[in-house]
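Peer 1: Dumping the structure here so I can ask a few things about it.
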């Protein structure tokens, strides 16, 4: 049976009434001959007026029938119940014996995200690990383990970490390091390592019935690490701006246009999960040297604030916004955004935008359509023939032969 069992019972009294029931579990052999004694015999009877109850039974014995490593635990138990009548008399105890089984919980490391495909994970002096657990036969809908345990074993410099079997590394090579127990709510660790040494790191889950995760798989619940002072890594920096969308750094310089008098505000999000890093802070500045963020540099200073201030320009010109993200190991990622501030002159009459693609098979060419539209505008008094007052923007090229559309820029319309 499963380790959580519902047991039902009933009883009757031929010459009286049953006042209540008593139940107990796993009575020691030396007390079995006193199960039917009414007086206190040292057996831990529990009184109840119910006819059913659910119980959790311990399963601390490894079930080797499924082979090794053990992924199922078991426990042999006996449940006893007896009736007590209104005069204090007790019935002979009835019992049921059974074997409770339990599938062991599982742990999966989610940070660093590169762990799932790495035979050897090279990390820096500081290292962040995050995991999640699942107890597949836990009756609770959350299916969470009861708690977790982890261990970290520093290996000699002469120990080669490449191609190691995770099961052997944990069970044999790290056997002399005790497991450290943490609560089910603790699913991350921040570790400081001595660089220049390889390590074995393992995390396992334990469920409420005593079932312990015993199968260790590299990249799932076990990591083979090599700590190097040069493996600092740099975080990914994702920058969002409401009107322009999202950009990712490291990456090329981003450039876009904005109107004079308008404002922009950037949101920064750092992600160092791929190498087990932890983002420590953000920094930004306008028209600053990207390589100098010290005092007097014009940068706002490192903080956990992920948002810039409102950035506004009243005059046309070109400006740069430098955004930075730093992890606890000192790795810094820099993003540069070039802003071209455009002034609206309103000194031309009309821009004709051809953003419609007409196939030749429709019997009416794009040039014919444009010519007819211009004739109507000319008849309405628009200065179509004066280049200083009238312009045309062809989204798909002059003859609609361009595959991808050309985006209309702010500078294309600022004169109209």
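Just so it is clear, none of the values below were taken in a lab; they were calculated from the coordinates. These numbers were taken from a predicted model, which means no experiment stands behind them. Don't worry about glycine lacking a Cβ; one is built from the backbone with ideal geometry, like all the others, and counts go over all protein chains shown.
Peer 1: Pick out which of 186, 48, 334 has the largest mean-square fluctuation in a Gaussian network model of the chain, springs linking Cα atoms closer than 10 Å.
Peer 2: 48
Peer 1: Let me ask another. Report, to one decimal in Å, the Kirkwood hydrodynamic radius for region 211-295 based on all distinct Cα pairs. Write out the running numbers ahead of the final one.
Peer 2: Values: mean 1/r = 0.0591 Å⁻¹.
Across region 211-295, the inverse of the average 1/r is 16.9 Å.
Peer 1: Just rank 390, 346, fewest to most, by other beta-carbon atoms within 10 angstrom.
Peer 2: Numbers: 390 19, 346 9.
By the 10 Å Cβ count, ascending: 346, 390.
Peer 1: Continuing with the same structure: Under 10 Å, Cα contacts only: if you run a Gaussian network model on the chain, which one of 204, 306, 365 comes out with the highest mean-square fluctuation?
Peer 2: Evaluated over the chain, the most mobile residue of the options is 365.
Peer 1: Pick out which of 102, 36, 138 has the largest mean-square fluctuation in a Gaussian network model of the chain, springs linking Cα atoms closer than 10 Å.
Peer 2: 36
Peer 1: Could you please rank 214, 99, 117, placing first whichever residue has the fewest other Cβ atoms within 10 Å of its Cβ? Mind showing how you got there, number by number?
Peer 2: Values: 214 17, 99 13, 117 8.
Neighbour counts put them in this order, fewest first: 117, 99, 214.
Peer 1: Something else about it: Given an 8 Å cut-off on Cα distances and at least 6 residues of separation, report the relative contact order of the chain as a percent. Provide the component values of the computation, followed by the final result.
Peer 2: Details: 913 pairs, mean separation 51.5, N = 416.
After rounding, I find 12 percent.
Peer 1: Gain in length, residue 228 to residue 118, computed as 0.36 nm per residue apart minus the alpha-carbon separation, to one decimal in nm? Each step should come with its number before you reach the end.
Peer 2: Working: separation 110, 0.36 × 110 = 39.60 nm, distance 1.58 nm.
My answer for the length gained is 38.0 nm.
Peer 1: Taking a ≥ b ≥ c as the square roots of the Cα gyration tensor eigenvalues, with a/c under 1.5 meaning rounded and otherwise prolate when a/b beats b/c, else oblate, which class fits the chain? Intermediate results must be reported in sequence, preceding the final value.
Peer 2: Details: a/c = 3.44, a/b = 2.24, b/c = 1.54.
Prolate, because a/c is 1.5 or more and a/b exceeds b/c.
Peer 1: With 10 angstrom as the radius, rank 307, 247, 216 by how many other C-beta atoms surround their C-beta, starting from the fewest. Present the calculation step by step, with values, prior to reporting the outcome.
Peer 2: Working: 307 12, 247 19, 216 22.
Placing the least packed residue first, the sequence is 307, 247, 216.
Peer 1: Same structure again: Give me D for region 106-227 in µm² s⁻¹, whole number, from Stokes-Einstein with Rh from the Kirkwood sum over alpha-carbon pairs, 4 °C and 1.567 mPa s.
Peer 2: Working: Rh = 14.6 Å.
Approximately 89 µm²/s, per Stokes-Einstein.
Peer 1: Relative contact order (percent) for region 236-342, with alpha-carbon contacts under 8 angstrom and 6 or more residues of separation?
Peer 2: Working: 243 pairs, mean separation 37.9, N = 107.
RCO, region 236-342: 35 percent.
Peer 1: Quickly rank 119-125, 15-21 as a protection proxy: mean count of other C-beta atoms within 10 Å, highest first. Intermediate values should be presented prior to the final figure.
Peer 2: Working: 119-125: 18.9, 15-21: 12.9.
Highest mean packing first, the order is 119-125, 15-21.
Peer 1: When only Cα pairs under 8 Å and 6 or more residues apart are kept, what is the percent relative contact order across region 4-103? Mind showing how you got there, number by number?
Peer 2: Numbers: 179 pairs, mean separation 34.1, N = 100.
Averaging sequence separation for qualifying contacts and normalising by length gives 34 percent for region 4-103.
Peer 1: Turning to a different aspect of this structure: Taking 22 Å as R0, compute the FRET efficiency from the Cβ-Cβ separation of residue 319 and residue 353 and round it to 0.05.
Peer 2: Working: r = 28 Å, r/R0 = 1.27.
Calculated value: 0.20.
Peer 1: Cα axis of helix 366-379 to longest principal axis of the chain: angle in degrees, 0 to 90, nearest 10?
Peer 2: Approximately 60 degrees, to the nearest ten.
Peer 1: Quick one: which of 399-409, 266-276 comes out on top by average Cβ neighbours within 10 Å, and what's the full order, highest first?
Peer 2: Working: 399-409: 11.2, 266-276: 20.2.
Descending packing order for the listed peptides: 266-276, 399-409.
Peer 1: For a distance above 23 Å, tell me the whole-number percent of Cα pairs in region 4-103 that qualify. If you can, show how the numbers build up before the last one.
Peer 2: Numbers: 1818 of 4950 pairs.
Here the tail beyond 23 Å accounts for 37 percent of pairs.
Peer 1: Given axes a ≥ b ≥ c from the Cα gyration tensor, I'd like to know whether region 33-160 is rounded (a/c under 1.5), prolate (a/b larger than b/c) or oblate. Walk me through the intermediate numbers first.
Peer 2: Details: a/c = 3.49, a/b = 2.98, b/c = 1.17.
It comes out prolate by the Cα gyration axes.
Peer 1: Looking at the P(r) of region 179-254, how many percent of alpha-carbon pairs lie beyond 16 Å? Walk me through the numbers on the way to the answer.
Peer 2: Details: 1989 of 2850 pairs.
Result for the distance tail: 70 percent.
Peer 1: Also: Subtracting the Cα-Cα distance from 0.36 nm times the residue separation, let me have the gained length for residue 177 to residue 309 in nm, one decimal. If you can, show how the numbers build up before the last one.
Peer 2: Working: separation 132, 0.36 × 132 = 47.52 nm, distance 5.02 nm.
Value of the extension gain: 42.5 nm.
Peer 1: Given the rule -39500 (n - 2.57) for each run of at least 4 DSSP H residues, summed and divided by the residues of the chain, what is its mean residue ellipticity at 222 nm, to the nearest 500 deg cm²/dmol?
Peer 2: Values: 2 runs with 18 residues, N = 416.
Helix-only estimate at 222 nm: -1000 deg cm²/dmol.
Peer 1: Calculate, in nm to one decimal, what residue 408 and residue 297 gain on full extension: separation in residues at 0.36 nm each, minus their alpha carbon distance.
Peer 2: On the way: separation 111, 0.36 × 111 = 39.96 nm, distance 3.60 nm.
Gain in length upon complete extension: 36.4 nm.
Peer 1: Also, I was wondering about something else. Taking the simple approach of a point 7 Å from Cα along Cα-to-Cβ for both residue 186 and residue 143, what is their distance in nm?
Peer 2: Going by the 7 Å Cα→Cβ label model, 2.6 nm.
Peer 1: Further, regarding this structure: Residues of region 212-236 with backbone nitrogen within less than 12 Å of a virtual label 7 Å along the Cα-to-Cβ line of residue 167, please, listed as ranges.
Peer 2: Of the residues in region 212-236, 214-218 have backbone N under 12 Å from the label point off residue 167.
Peer 1: Continuing with this model, one more query. When all C-alpha to C-alpha distances in region 283-416 are sorted into bins of 5 Å, what percent of pairs does each bin hold, rounded to whole numbers?
Peer 2: 2, 8, 13, 13, 11, 9, 8, 9, 8, 8, 6, 4, 2, 0
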